[in-house]
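The values are calculated or read from the model by the stated rules, or taken from the named source; none is laboratory data. Please read these numbers as outputs of a predicted model, since none were measured by experiment. Here the Cβ is made from the backbone with ideal geometry for all residues, glycine too, and neighbour counts use every protein chain on show. Areas reflect the complete protein model, heavy atoms only, side chains present, ligands, DNA and RNA absent. Shrake-Rupley method; radii C 1.70, N 1.55, O 1.52, S 1.80 Å.
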Amino acid sequence: HWWAQTITVAYERARGLRPPHGGRDGLFTVSASKTVGVGVERLFDAFMDDELRERWLPDGELRERTAQAGRSARFDWGDGATRVNVGFEPKGDARSQVAVAHERLADAQAAEEMKLFWRERLNALKALLEG
């Protein structure tokens, strides 16, 4: 099933039927990831602790929906029209990876803006935690 969907999406994109980051529902999803030189618990805390999060995501409006400590967290963003899903994976004792997916974006421009935004913010997060 996964391969069939991959082929379908590639076909639609090649013919201009589906824009990059666009879904069947007309909404857009973007993602960004970063490997950071801290344990997964510390990386998870950087998203869950309001004071720590404010240091690397000062204008972020995340409201927690659900979370599994050290594994994943789901948030509403801003007015709740979009969602942010975050996954965490340990890469040993002193390294871990975070992957952010921002879903339900209204258009391609918003998707590109948020992709750049999350890349910048994850770089800031890495600098903060490793600094």
Within the range 111-127, take every residue that is open to solvent by 50 Å² or more (accessible area, probe 1.4 Å) and over 19 Å from residue 28 (Cβ atoms) and give me the one that is nearest to the chain's Cα centre (by Cα).
123
Anything in the range 52-71 that is touching a residue at least 60 places away in the same chain (Cβ under 8 Å), of a type outside the set (A, V, I, L, M, F, W, C) and closer than 17 Å to residue 82 by Cα? List them, or say none.
60
Is there a residue in the range 29-36 that is free of Cβ contacts under 8 Å to residues at least 12 places away in the same chain and either under 30 Å from residue 11 (Cβ atoms) or open to solvent by 50 Å² or more (accessible area, probe 1.4 Å) (or both)?
no
Could you tell me which numbered condition residue 103 fails, if it satisfies all but one of (1) among the acidic types (Asp, Glu); (2) closer than 26 Å to residue 22 by Cα; (3) loosely packed, with under 13 Cβ neighbours inside 10 Å?
(3)
Are any residues in the range 7-39 touching a Leu at 6+ places or on another chain (Cβ under 8 Å), in a strand (DSSP E or B) and either farther than 26 Å from residue 81 by Cα or modelled with pLDDT under 65 (or both), and if so, which ones?
36
